[in-house]
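> Have a look at this one.
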Amino acid sequence: MPESVTPLDGATCSGFVTIKDAGLAGMILLRADLGDTDVVSALQGAGFDLPDPAELVGELGNGALWMSPDELMILCAHDEAEAIVATLAEALSELHVLVANVSDARAVFRLSGNGSAVREVLAKLSPADLRQAALPPGRVRRTRLAQVPAAFWFASDDEAVLICFRSVAGYVLELLLKVATPGSEVGHF
Amino acid sequence: MLILTCPYCGVRCDETELAPGGEAHLKRFGPGSSDEEFEDYLFMRANPNGVHFERWRHVYGCGKWFHAARNTVTLEVYGTYSAQVHAPPQEIRDAVSNRVPGWHWKDES
């Protein structure tokens, strides 16, 4: 099999926040009715914690993102994804679900720097409410970033993780760089 | 700018995160219906000056369709509710009645 590479190939760029390619990440799409107790107990039996709506448990590389009432994204190490897909398919085999390895479908960025500067960079591009109270660490927001869909969450007060589709990774990198140009700080947060 | 709360994920979405789906609670007239009924279903839409019920889709988020009750004049939003209903639920009717006593929308009031 050819070696997997990220669309940004390890890019690191600095403005008034640092924008970094987060590297290869394992992502597994799970489509199932998350309100169904059979699905929930099968997932918990297989060792997966379920996030509350619009939240995340764990972190990039080991966790789960709530995407919609019938969609979870399981985060794992890139090389473990196939094994986890098999585990999940086995655990949920009696139920109406879909499990797929979509690790290479998306690009992942890490935005780090001063917490309020990171919030400002995202707020310049998206209509989401980025105040600390509305988006504390652990909450996920799927939204629009300029012209493309994206999702982001705060891993800590000073670092945000952003995912977007692979095909628009270059566009998103340029967007983030543009709005993080030193001197363009608004200082809203 | 409209801000609607998605009833499925609880996110307060800006209008630009949503896709409009037109008038709510249409009943489909397909094979076997009269030409008039089919024309009504396909082309005739309410265009009220006031209380309106619409479908929206949270396209940049969870992807779910939902319903919204709002006012086309004041842009006030009375509430959003599940897509899996044929008519506005009672709490939405009450919310509209509180603000616009005696409202009418198609056969609803």
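The values are calculated or read from the model by the stated rules, or taken from the named source; none is laboratory data. Everything quoted here is computed from the prediction, not taken from an experiment. Please note: Cβ atoms are built from the backbone with ideal geometry, for glycine as well, and neighbour counts cover all protein chains shown. Keep in mind that these areas ignore ligands, DNA and RNA; they rest on the heavy atoms of the full protein, side chains included. Shrake-Rupley method; radii C 1.70, N 1.55, O 1.52, S 1.80 Å.
> Taking 30 Å as R0, compute the FRET efficiency from the Cβ-Cβ separation of A:A105 and B:D94 and round it to 0.05.
Working from the Cβ atoms, E equals 0.10.
> Taking only DSSP H segments of four or more residues, each worth -39500 (n - 2.57), what value at 222 nm results for the protein assembly as shown once the sum is divided by all its residues, to the nearest 500 deg cm²/dmol?
It lands at -6000 deg cm²/dmol.
> Let me ask you something else. How many angstrom lie between the C-alpha centres of the stretch A:46-110 and the stretch B:32-109?
Cα centres, the stretch A:46-110 to the stretch B:32-109: 36 Å.
> Students sometimes get this wrong: rank A:L177, A:L75 by accessible area, probe 1.4 Å, all chains present, largest first.
A:L177, A:L75
> Within the stretch A:55-138, which GluC sites (Glu not before Pro) sit in a loop by DSSP and count at most 10 neighbouring Cβ atoms inside 10 Å?
Sparse-neighbourhood loop GluC sites (Glu not before Pro): A:E94.
> Okay, next question. So how much accessible area does B:F53 have, in Å² to the nearest 10, using a 1.4 Å probe?
0 Å²
> Would you tally the net charge around B:G63, using a Cβ to Cβ cut-off of less than 10 Å, leaving B:G63 out, and scoring K and R as +1, D and E as -1?
Local charge sum for B:G63: +1.
> How much accessible area does A:H78 have with a 1.4 Å probe, in Å² rounded to the nearest 10?
Roughly 50 Å² of A:H78 is accessible to a 1.4 Å probe.
> A further question follows. Pop out the ³J(HN,Hα) list for the stretch B:38-50 in order, Karplus 6.51 cos²θ - 1.76 cosθ + 1.60 with θ = phi - 60°, rounded to Hz; leave Gly and Pro as x.
5, 5, 4, 5, 7, 10, 7, 10, 5, 9, x, 9, x
> Quick one: net charge around A:N114, please, counting Lys, Arg +1 and Asp, Glu -1 for every other residue with C-beta under 12 Å from its C-beta.
Spelling it out: positives minus negatives among the neighbours equals -4.
> Taking a probe of 1.4 angstrom, what is the accessible area of B:S33 in Å², to the nearest 10?
Here the residue's solvent-accessible area equals roughly 30 Å².
> In addition: How crowded by other chains is B:53-64, given as the mean number of beta carbons from other chains within 10 Å of each beta carbon?
Counting other chains' Cβ atoms within 10 Å and averaging over B:53-64 gives 4.
> Can you give the local net charge around B:T72? Use residues other than it whose beta-carbon is closer than 13 angstrom to its beta-carbon, Lys and Arg +1, Asp and Glu -1.
With Lys, Arg at +1 and Asp, Glu at -1, the net is -1.
> Now for a separate question. For the stretch A:131-189, what is Rg from Cα atoms divided by 2.2 N^0.38 Å, rounded to two decimals?
Dividing the Cα Rg of the stretch A:131-189 by 2.2 N^0.38 Å gives 1.19.
> In the structure shown, do any of A:K20/A:K124; A:K20/A:K178; B:K64/B:K106 have a Cα-Cα gap over 21 Å, and if so which?
B:K64/B:K106
> In debye to the nearest 20, how big a dipole does the protein assembly as shown give about its Cα centre with +1 on each Lys and Arg Cβ and -1 on each Asp and Glu Cβ?
Around 900 debye, computed over the protein assembly as shown.
> Another question, if that's okay. By its C-alpha gyration tensor, with a ≥ b ≥ c as the square roots of the eigenvalues, how is chain A shaped: rounded for a/c under 1.5, else prolate for a/b larger than b/c, else oblate?
It is prolate, given that a/c is not under 1.5 and a/b is the larger ratio.
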